[in-house]
Structures are given as structure tokens and as C-alpha cells.
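Read through the structure below, which is laid out as C-alpha cells, and then see the notes.
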Amino acid sequence: MPPEARRLIVNKNAGETLLQRAARLGYEEVVLYCLENKVCDVNHRDNAGYCALHEACARGWLSIVQHLVEHGADINCSAQEGTRPLHDAVENDHLDVVRLLLSYGADPTLATYSGRGLLKMTHSDLMESFLSDYFADLQGRADNDPGLRWDFYGSSVCESADDPATFDILADPPEPGADEEEQREVFEFEFSDRPLLPCYNIQVSLSQGPRNWLLLSDVLKRLRMSPPAFRAAFPHIDVATVAEAEFYRQASLSQLFSCPDELEGFMPDSKDLLDLVEISSEVVALLGSSLECLDNRWDSVAMERS
């Protein structure tokens, strides 16, 4: 055990772990000790929903961020108010950490539960310019856009690669047609002879990210079953419960939900509870839907979900 680990004071009353404390204070050796010996869960959340990756990103510890991600840290983990590690890095103006998180697949389109997006969190022109260009690349640029091509001020041949926190983006470029089979995209289309039930992408537990849910009341109405009959017939299908006010808040802020009319029947301040059923192949089959998969070479394979 590194000697620094014995001197760190962990606030267990706040749900803090040694890994979180070390990530916050920048003790890289202690972080590696915790990760390599599995002293703590890398995705453990404190009482506010923050994990070690949040702490390292907020303080700009680039190498610690890389260690955490390489050891399985959830790159898009959310605190109670919807803050992601990427949000912490942007708000504290750590551009190198932002670049690292994006290279590992952090989702820049996720906003907090209050609706704040990345561009509203910037505090410097450099960060705002970088994110604006990044979003422009995601959305596509016109052929005459000067930002269509990237300018590299340096050479991967002449510059040192000793820094473990940097990446050679010109290394091993894919050849035309290389790994074509592995890169084939598959698009799923769900078909039904009746309108599909409204689907809500929300988070019902701090230990899990947002998932796709159906209202149990909608499912029961479609199946013409009572709640006791449904639970008796399908005891293995988990039913989650969430406060109606929390459900309304998340559904109204979700960037994946584009039907505000569906929310008119819910009360933003209600203290009632709603029962939800997670979408699965079994639930889809119960509702009488089928799935067709289409890859990017237009080879379609129809499969019946059963």
C-alpha cells in the first residue's frame, strides 16, 4: 500500500471511498493501488451520486482520468442532478480532459436534468470554440466550410510519444475495406399492426443509467389484463416504481423524447408513484411486435421476436 493511502482521511458519512478521495486530491499511485487491487468499486457513488471519475475530471487530473476509464469507469455516469464527468471537465475548463473523455466515447449531447448543455457550461473562448467545432463535425459540414479539414501543427514522426496521456491520431489508419464485416452497422425496425406504446428513456436507479421503459398501465391496457393477473402470469418481469414528479421531470428533459403531448396527462408536482416495465424482447413479443434488422449494405434479415 502506498504511504499516502494511510494519511488520507475518507469521509464515510458522505459515502466516500479511498479511491474517490485519492482521485480528488490527485494521488495517482493510490488510485492505481485501488484499481489494481480492486479495493473499491470504480463506479461507486457517494451520497450525492458522484464517482471517482467525476472527482478527477473536475480537478483536471488527466492521467488519473485515463487510469479510471481503462479500469472500467462509466464514461457517462450521472450524479443525482444529471451531472456527467464531461460536464465537470467543461465547467472547470480542462480541455485536455474533455478531449480524452470524447476519445473514449463520452456523449456530448447529454444535458443535466435541469437542461444545461455543454455549450452553456463553458468559461473560455477556447473551450467554446472547441465544442462548437466538435458539434459541427457531428452534424456535418458544407463542402465550402473552412473547418471541414483539420490543421495539424506538428508531426507524429518528430514529436515524442513518451507521454502516456497523449494519443497518435494518425497511427494505424484503416485501409479501404479493412474490417468491413466488423464495422457493419445494423439498424433495427420494430413493426406492429397497432401503434407502438409510448417509450420513455429515464433513469430509475443511481446504480444504472437511463433505460427504455413502458408505463405498466399502458401495457396492461394493451394486454387487457389486471395488475394482479399480469404479476401472476409474468412474475419474472421486473416492475420498477418511480415518483410521478421525477418521471415527468426526466421525460420532459430527455433529448430522445419528442412527443410533449404524451406528457399532458402527468402532474409535475404529483407525489403519486408510477409503475414501469423495462422494454425487453419478451415484453415486445407480448405486445405483438416483430423486429427487422437492416445493415448498411441493405441486406435485411427479418426475425420474429419470440
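The values are calculated or read from the model by the stated rules, or taken from the named source; none is laboratory data. No experiment lies behind these values; they were computed from the predicted model shown. For neighbour counting, all protein chains shown are included, and Cβ atoms are generated from backbone atoms with ideal geometry for every residue, glycine included.
If a residue must be farther than 16 Å from Gly72 by Cα, in a helix (DSSP H, G or I) and not basic (Lys, Arg), how many such residues does the stretch 1-34 contain?
Residues that pass the stated criteria total 11.
When you go through Val90, Val97, Val69 one by one, which is the residue that is buried (at least 23 other Cβ atoms within 10 Å of the Cβ), of a type in the set (Val, Ile, Thr) and closer than 30 Å to Asn37 by Cβ?
After applying the criteria, what remains is Val97.
From the list Ser63, Ser78, which residue is of a type in the set (Ser, Thr, Tyr) and not in a helix (DSSP H, G or I)?
Ser78
Report, by residue number, each residue of the stretch 35-47 that is closer than 20 Å to Gly72 by Cα and either surrounded by fewer than 13 Cβ atoms within 10 Å (Cβ to Cβ) or touching a residue at least 24 places away in the same chain (Cβ under 8 Å) (or both). Outline the logic, then answer.
Just the residues of the stretch 35-47 that are closer than 20 Å to Gly72 by Cα, to begin with: 35-46.
Leu35, Glu36, Asn37, Lys38, Asp41, Val42, Asn43, His44, Arg45, Asp46, listed by residue number.
Okay, residues lined up against (1) surrounded by 14 or more Cβ atoms within 10 Å (Cβ to Cβ); (2) outside any loop (DSSP other than H, G, I, E, B); (3) under 29 Å from the mean Cα position of the chain (by Cα):
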{"position": "Pro198", "(1), (2), (3)": "yes, no, yes"}
{"position": "Leu214", "(1), (2), (3)": "yes, yes, yes"}
{"position": "Val219", "(1), (2), (3)": "yes, yes, yes"}
{"position": "Phe230", "(1), (2), (3)": "yes, yes, no"}
{"position": "His236", "(1), (2), (3)": "no, no, yes"}
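Can you find, within the stretch 10-23, the residue that is surrounded by the fewest Cβ atoms within 10 Å (Cβ to Cβ) among those that are of a type in the set (A, V, I, L, M, F, W, C) and either touching a helix residue (DSSP H, G or I) at 6+ places or on another chain (Cβ under 9 Å) or under 14 Å from Cys40 (Cβ atoms) (or both)?
Applying the filter and picking the extreme gives Val10.
Hey, can you tell me all the residues within the stretch 229-275 that are aliphatic (A, V, I, L, M), over 20 Å from Leu196 (Cα atoms) and modelled with pLDDT of 75 or more? Please lay out each step first, then the result.
Within the stretch 229-275, the subset aliphatic (A, V, I, L, M) is 229, 232-233, 237, 239-240, 242-243, 245, 251, 253, 256, 263, 267, 273-274.
From what is left, the residues that are over 20 Å from Leu196 (Cα atoms) are 229, 232-233, 240, 242-243, 245, 253, 267, 273.
Answer for the stretch 229-275, where residues must be aliphatic (A, V, I, L, M), over 20 Å from Leu196 (Cα atoms) and modelled with pLDDT of 75 or more: Ala229, Ala232, Ala233, Ala240, Val242, Ala243, Ala245, Leu273.
In the set Arg84, Arg7, Arg59, which member is in the same structural domain as Met121 (by TED's automatic domain parsing), of a type in the set (Lys, Arg), on the phi < 0 side of the Ramachandran plot and surrounded by 23 or more Cβ atoms within 10 Å (Cβ to Cβ)? First the steps, then the outcome.
On the way: Arg7 fails: surrounded by 23 or more Cβ atoms within 10 Å (Cβ to Cβ); Arg59 fails: surrounded by 23 or more Cβ atoms within 10 Å (Cβ to Cβ).
The match here is Arg84.
Only one of (1) free of Cβ contacts under 8 Å to residues at least 40 places away in the same chain; (2) in a helix (DSSP H, G or I); (3) over 19 Å from Asn11 (Cβ atoms) is not met by Asp96, so which one is it?
Result: Asp96 passes all but (1).
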